[in-house]
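Since the structure comes first, as structure tokens, the remarks are kept for the end.
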Protein chains: 2
Amino acid sequence: MARAQFDREQVLENVTNAFWRLGYSATSMQTVFEKTGLKPGSIYLAFGNKEGLFKESLDHYTQQSLTRLEATLAQYTRVEEAIRHILCRFIEESCQAQYCSCFLVKSQLELGEHQVELKNHVSEQLRRVESLFYKYLLKDNSESAAQAKASSIMLHIFGIRVYGYHSHSRDQLLAALRLGLPWLGWSAEH
Amino acid sequence: MARAQFDREQVLENVTNAFWRLGYSATSMQTVFEKTGLKPGSIYLAFGNKEGLFKESLDHYTQQSLTRLEATLAQYTRVEEAIRHILCRFIEESCQAQYCSCFLVKSQLELGEHQVELKNHVSEQLRRVESLFYKYLLKDNSESAAQAKASSIMLHIFGIRVYGYHSHSRDQLLAALRLGLPWLGWSAEH
DNA sequence: ATATAACTTGAATGATTGTTCAACTTTTGC
DNA sequence: GCAAAAGTTGAACAATCATTCAAGTTATAT
């Protein structure tokens, strides 16, 4: 029973990157072989097929994202401050040259009738993100207020992910966030 | 000089629908031939290639969208009321069974390094939409306020387009819009 | 009526798609 | 040390991809 000779994490890192940038359809298995240096047989034995590989990539990405979000949310005493930090980070990301939006958002919109299972899987991951915000907002809010605020946060995040993909304008996005999320208590200067 | 025997508008309608639902990569020319009933030669003579066909589809969709938006904006005396109507319409759309988000948003996120020209074209169309809101908001706002409000509207629209694609929850979206866009002056009941 | 330009047809192109598999190598359990 | 399990290899598969083109048809201009 020989062990796999490749680092599964490393492989998923490369594959996720390819899927993230190019999308599910536009990423060929040929591309996967090249980015990982593995041969067809190894990939198919380890991940089943393209859908399985994509699903694991999604999980890999979600895991990283949630961990990072949770860390930031736990770091600050006031939830609003943490969320502000997260949103500002997203804006900064969107201004970088190689920005390619959010893997989950892109996948959600790309997948359709032909990949229902994958699409539902993405939806589930997005709901996990919203639940995380909801959980932290519950500390200072009623259930209905926390839900509305969590949804509003998600709307703005989705907005940044799309808007930032073609605009790259930090100030415009920041002004829009200040206007749409006044309850986050933005400071006067920044 | 024989005229084309097909209705260009009708063909674009069908093709747009396919691209909209399946995306650029996942829509094969074979699909195009089937949906239109035309043979390869006719399509390639009329539209050049897949990219050209996609570009015309985008323009067809943008034309229809802008016309509809402009009509609603011109219909109401108060801009805020018009925008509220538009957003509510978007929410209603997102609750329908066959909802497939916004063609421009989906394309913006799908297109990448390999279709830079197309991607820029989509960005341009999205900017036209924002400019339309900006123009109408200028009537009652300073330039900076109108810009911030237009951006905020776009963020929320993008949000609906993504959020509505996996949630289908009318009330949640509405509550989030009321929270994020209070300056639109929502009535107490609805 | 005829010449010519516009358009349609459908088979064919070579490249690329996702996936399989028999042969081979490596590691493990006993 | 031996057998079996696990993993690797690289060629090969049929299917589909976007696109082309020579031949045939149609409409228009003169």
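Go through (1) free of Cβ contacts under 8 Å to residues at least 12 places away in the same chain; (2) within 24 Å of A:ARG21 (Cβ to Cβ); (3) buried (at least 17 other Cβ atoms within 10 Å of the Cβ); (4) not aliphatic (A, V, I, L, M) one by one and return the number of the condition B:ASN49 breaks.
Result: B:ASN49 fails condition (3) only.
So, restricting to helices (runs of 4 or more DSSP H) that lie completely within segment B:1-69, which ones have at least 3 residues that are modelled with pLDDT under 95 and under 23 Å from B:LYS119 (Cα atoms)?
none
Residue by residue, here is whether (1) out of contact with any His (no Cβ under 8 Å at 6 or more places or on another chain); (2) open to solvent by less than 30 Å² (accessible area, probe 1.4 Å); (3) over 30 Å from B:ALA26 (Cα atoms); (4) modelled with pLDDT under 95 holds:
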| site | (1), (2), (3), (4) |
| --- | --- |
| B:SER101 | yes, yes, no, no |
| B:LEU109 | yes, yes, no, no |
| B:GLY112 | yes, yes, no, yes |
| B:GLU124 | yes, no, no, no |
| B:SER144 | yes, no, yes, no |
| B:LYS149 | yes, no, yes, no |
| B:LEU155 | no, yes, no, no |
| B:PHE158 | yes, yes, no, no |
| B:HIS166 | yes, yes, no, yes |
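Residue check: is B:THR62 within 22 Å of B:ARG8 (Cβ to Cβ) and either open to solvent by 20 Å² or more (accessible area, probe 1.4 Å) or within 11 Å of chain A (Cβ to nearest Cβ) (or both)?
For B:THR62, the condition - within 22 Å of B:ARG8 (Cβ to Cβ) and either open to solvent by 20 Å² or more (accessible area, probe 1.4 Å) or within 11 Å of chain A (Cβ to nearest Cβ) (or both) - is not met.
Here are some conditions: (1) open to solvent by 40 Å² or more (accessible area, probe 1.4 Å); (2) under 30 Å from A:PHE19 (Cβ atoms). B:SER57 meets all but one. Which one does it not meet?
For B:SER57, the exception is condition (1).
With the structure loaded, tell me whether B:LEU38 is surrounded by 14 or more Cβ atoms within 10 Å (Cβ to Cβ) and near DNA strand C (Cβ under 10 Å from one of its atoms) or whether it fails that test.
yes
The values are calculated or read from the model by the stated rules, or taken from the named source; none is laboratory data. The structure displayed is predicted, hence computed values, not measured ones. Every residue, glycine among them, receives a Cβ derived from its backbone with ideal geometry; neighbour counts consider all protein chains shown. These accessible areas exclude ligands, DNA and RNA; they are computed on the full protein's heavy atoms, side chains included. Shrake-Rupley method; radii C 1.70, N 1.55, O 1.52, S 1.80 Å.
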